[in-house]
Every structure is written in C-alpha cells, then in structure tokens.
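S.K.: Following this message is one structure expressed as structure tokens.
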Amino acid sequence: MELFETVEALRRFVAKEKASNKSIGLVPTMGSLHEGHASLVRRSIEENDVTIVSIFVNPKQFGPNEDFDKYPRTLKEDMELLRKLGATAIFHPDIDGIYVRDDFTEITNTILSEKLCGITRPTHFKGVLKIVAKLFNIAEPTRAYFGMKDFQQYVIIKHMVEDLNFNIELVPCPIVREESGLALSSRNRYLSIEERERALALNKALKAAEELINNGERSAFEVIKVLYSILSETEGLRIDYIKIVDGWTLEDTVQISTNTLIALACYVGNVRLIDNLYIEKVEIL
Ligand code: AMP
C-alpha cells in the first residue's frame, strides 16, 4: 500500500495506473476509520483494480463553531486498517497542498444545500462539493464510493456529477450499524456511555417508522408523529429535524412512496447525530 501526501505524487500514480487501463475506485473519507468506511473500501476493492482512499479533514466543510480542531485524527490506525483491507493507496494531503493561492472558485447547489442539514450547517455542502470535485479531478476515479449514512451528501454529489458531466459512477453503500442499531460515525467517540444509550433512540424511531410503513401506513404526517413521539420522549435528546422527503429533490413529501427518505438529526449532549431510512420501493396498496 502506498501513501501519497501531495497532489503531484497522486497524479503520477494515477497516470501510471490509467496507462495500463486499470479501473480506479475512490473512497473519500476524513479518517478515524470504522467499519462503515471499511465497507466502502471492501466494495471498491471488489469492483476496481485499484482503490484509493483519501483521508483529509476538510476545513471548508466545518462551520466556525464546529469540531474541526478536535475532529479525531488517527492516521496510524487508519493505515493499519487499510493495509489489512487491501487498499492500494492512501491520499493524505495537507491543507496547504490542497487549497493553494487565491481560492475563489466555489461549487454550490443552492437549492439542495439549504435543506435538511443545510439549515444548521449553511456552508457545509459547499465545502463538501469543493473537496469532492477536487478529489475527482486529482484521482480521476472510474467509481467513487459514498455511504448512505450521509444521504443528503450523496444526493448533492450525484447532482453535481450529473450537472457538471463528471464521467464517474457513484456507488451508494448501505449504512453500517453497531449491533445496538447505532449508525457508526467517527463522532460516536464523543459520546459518553449514557449519551450512547440515548443515541439509540434515532434507530429505534426509524425502526418504528419502518414497521408502520410495512403495515401499510403511507401518510408522512402519521409517520412523523411516531418519530416525534419516540424522539421527544428520550431524555437528553434534542431534535434538530425530522423530515420525510423525496430522495432526489429532497422536497417534503406527504405520501410515502418509491424513493422516499426519512431523515433525522438530533443533538445528544453537544454531539449532533444523523440517521436515516431510505425507502427505495413501496408496494402500491
Ligand atoms: P466521513 O469520514 O465521515 O467523511 O465519511 C466518509 C464516507 O464514509 C462517507 O461517504 C460516509 O457516508 C461514509 N460512512 C460514514 N459512516 C458510515 C456508516 N455508518 N455506514 C456507511 N457509510 C458510512
């Protein structure tokens, strides 16, 4: 496994691999890797000749009062895990190597970035799109792997790829959870033991919603009522949003139908957690 720390070094590697017609899978991450990231890496290894994992805590996607400084950085352990998984290369640039000179060009999706997480994190998706576009241009992947844990991020990147004609196949990957149901996240390590217990309410609420839908409920309002009652009754948990939206436009929907996303964001202590249930298809009743 190779470690590249500059754009030029990665470009040289990519040029060599492309010259021998290798397919390239890219897994963008901020490090502090867990089984959720590992699932993306495994999938990329299965589907591509070469897998590049980027590890970069991107300052542009953190708001002024967010956790950029204290975000966990565990490069040594991450490298160990990636070596075991069989990744081909790691791209771990420093901030100055990625954001050079006058940095005026932005990529924004004003419509989708203002919804869901965009309300509390107004500059977040602009930062995400910029780094992802840069990584796409540097690594020139055949396929890029994103977790559905960050569904809004995936959809916004998918729009960017279509709108700007990136010749890259995006591969959405299912949410990986702990046995308890808690969705894995690098930020879970901020939770105390009691907060971890409280955080289980997110998955519990989504499970209750799923059961209701499986029993035939199609009214978004009725499903939101159940989600709200479970979350609001959990001590020490503060709801940021509960939304049922179309999985492509992220517009609110009144009916649960094909391509519907149920998305939650809650604060447990100071930690903001997100989780979701994506309904790809429903039986028409
Ligand atoms: P991050 O390092 O948090 O930026 O995440 C890097 C990638 O891993 C993103 O595409 C995330 O959606 C994905 N990811 C994070 N947590 C999970 C999880 N629990 N299950 C699946 N994918 C995940």
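S.K.: Suppose we keep only residues that are in contact with a strand residue (DSSP E or B) (Cβ under 8 Å, 6 or more places away or on another chain) and either hydroxyl-bearing (Ser, Thr, Tyr) or open to solvent by 50 Å² or more (accessible area, probe 1.4 Å) (or both) within the stretch 188-226. Which one would you say is nearest to the ligand (Cβ to nearest atom)?
M.R.: 190
S.K.: Can I ask one more? Give the residues of the stretch 120-166 that are small (Gly, Ala, Ser), part of a helix (DSSP H, G or I) and surrounded by 22 or more Cβ atoms within 10 Å (Cβ to Cβ), sorted by residue number.
M.R.: 139
S.K.: What is the one condition in (1) of a type outside the set (Asp, Glu); (2) near the ligand (Cβ under 9 Å from one of its atoms); (3) open to solvent by less than 40 Å² (accessible area, probe 1.4 Å) that residue 174 does not satisfy?
M.R.: Among (1) of a type outside the set (Asp, Glu); (2) near the ligand (Cβ under 9 Å from one of its atoms); (3) open to solvent by less than 40 Å² (accessible area, probe 1.4 Å), the lone unmet condition for residue 174 is (3).
S.K.: Which one is farthest from residue 178 (Cα to Cα), of the residues in the stretch 31-88 that are assigned to a loop (DSSP other than H, G, I, E, B) and among the hydroxyl-bearing types (Ser, Thr, Tyr)? Can you show your working first?
M.R.: Of all residues in the stretch 31-88, those assigned to a loop (DSSP other than H, G, I, E, B) come to 31-34, 48-49, 56-58, 62-74, 86-88.
Going one step further and asking which of them are among the hydroxyl-bearing types (Ser, Thr, Tyr), we end up with 32, 71, 74, 88.
Working: 32: 16, 71: 21, 74: 20, 88: 27 Å.
Of everything passing the filter in the stretch 31-88, 88 is farthest from residue 178 (Cα to Cα).
S.K.: Something else about it: Consider only pairs whose beta carbons are under 9 Å apart and that are at least six residues apart or on different chains; among these, list those whose first residue lies in the stretch 172-191 and is without any contact (Cβ under 8 Å) to a residue 40 or more places away in the chain and whose second residue is among the charged types (D, E, K, R) and within 7 Å of the ligand (Cβ to nearest atom).
M.R.: Between residues of the stretch 172-191 that are without any contact (Cβ under 8 Å) to a residue 40 or more places away in the chain and residues that are among the charged types (D, E, K, R) and within 7 Å of the ligand (Cβ to nearest atom), there is no close pair.
S.K.: Contact list please: Cβ distance under 7 Å, first residue in the stretch 12-34 and away from the ligand (no atom under 16 Å from the Cβ) and open to solvent by less than 30 Å² (accessible area, probe 1.4 Å), second residue outside any loop (DSSP other than H, G, I, E, B) and at pLDDT below 95, pairs at least six apart or on different chains.
M.R.: none
S.K.: Quick test for you: out of 154, 145, pick the one residue that is of a type in the set (Phe, Trp, Tyr) and either in contact with a Ser or Thr (Cβ under 9 Å, 6 or more places away or on another chain) or more than 13 Å from the ligand (Cβ to nearest atom) (or both).
M.R.: Within the list 154, 145, the selection yields 145.
S.K.: What's the total number of residues in the stretch 240-256 that are open to solvent by 50 Å² or more (accessible area, probe 1.4 Å) and either in a loop (DSSP other than H, G, I, E, B) or not acidic (Asp, Glu) (or both)? Talk me through it step by step, then tell me what you get.
M.R.: Here is the first cut: in the stretch 240-256, the ones open to solvent by 50 Å² or more (accessible area, probe 1.4 Å) are 243, 248-249, 251-252, 254-255.
Checking the rest, the ones that are also either in a loop (DSSP other than H, G, I, E, B) or not acidic (Asp, Glu) (or both) come to 243, 248-249, 251, 254-255.
Going through the stretch 240-256 one residue at a time, the tally reaches 6.
S.K.: Scan the stretch 4-24 and give yes if some residue there is assigned to a loop (DSSP other than H, G, I, E, B), at pLDDT 95 or above and in contact with a Leu (Cβ under 8 Å, 6 or more places away or on another chain), otherwise no.
M.R.: No, the stretch 4-24 has no match at all.
S.K.: Six or more apart or on different chains, Cβ under 7 Å: which pairs go from a residue in the stretch 136-154 that's without any contact (Cβ under 8 Å) to a residue 24 or more places away in the chain to one that's open to solvent by less than 10 Å² (accessible area, probe 1.4 Å) and part of a helix (DSSP H, G or I)? Could you list them?
M.R.: none
S.K.: When both residues are 6+ apart or on different chains and their Cβ atoms are under 8 Å apart, which pairs have a first residue that lies in the stretch 222-234 and is at positive phi, and a second that is surrounded by 16 or more Cβ atoms within 10 Å (Cβ to Cβ) and not in a helix (DSSP H, G or I)?
M.R.: Pairs found: none.
The values are calculated or read from the model by the stated rules, or taken from the named source; none is laboratory data. As the structure is a prediction and not an experimental result, all values here were calculated from the model. Backbone-built Cβ (ideal geometry, glycine too); neighbour counts: all protein chains shown. What goes into the accessible areas is simple: the full protein's heavy atoms, side chains included, and nothing from ligands, DNA or RNA. Shrake-Rupley method; radii C 1.70, N 1.55, O 1.52, S 1.80 Å.
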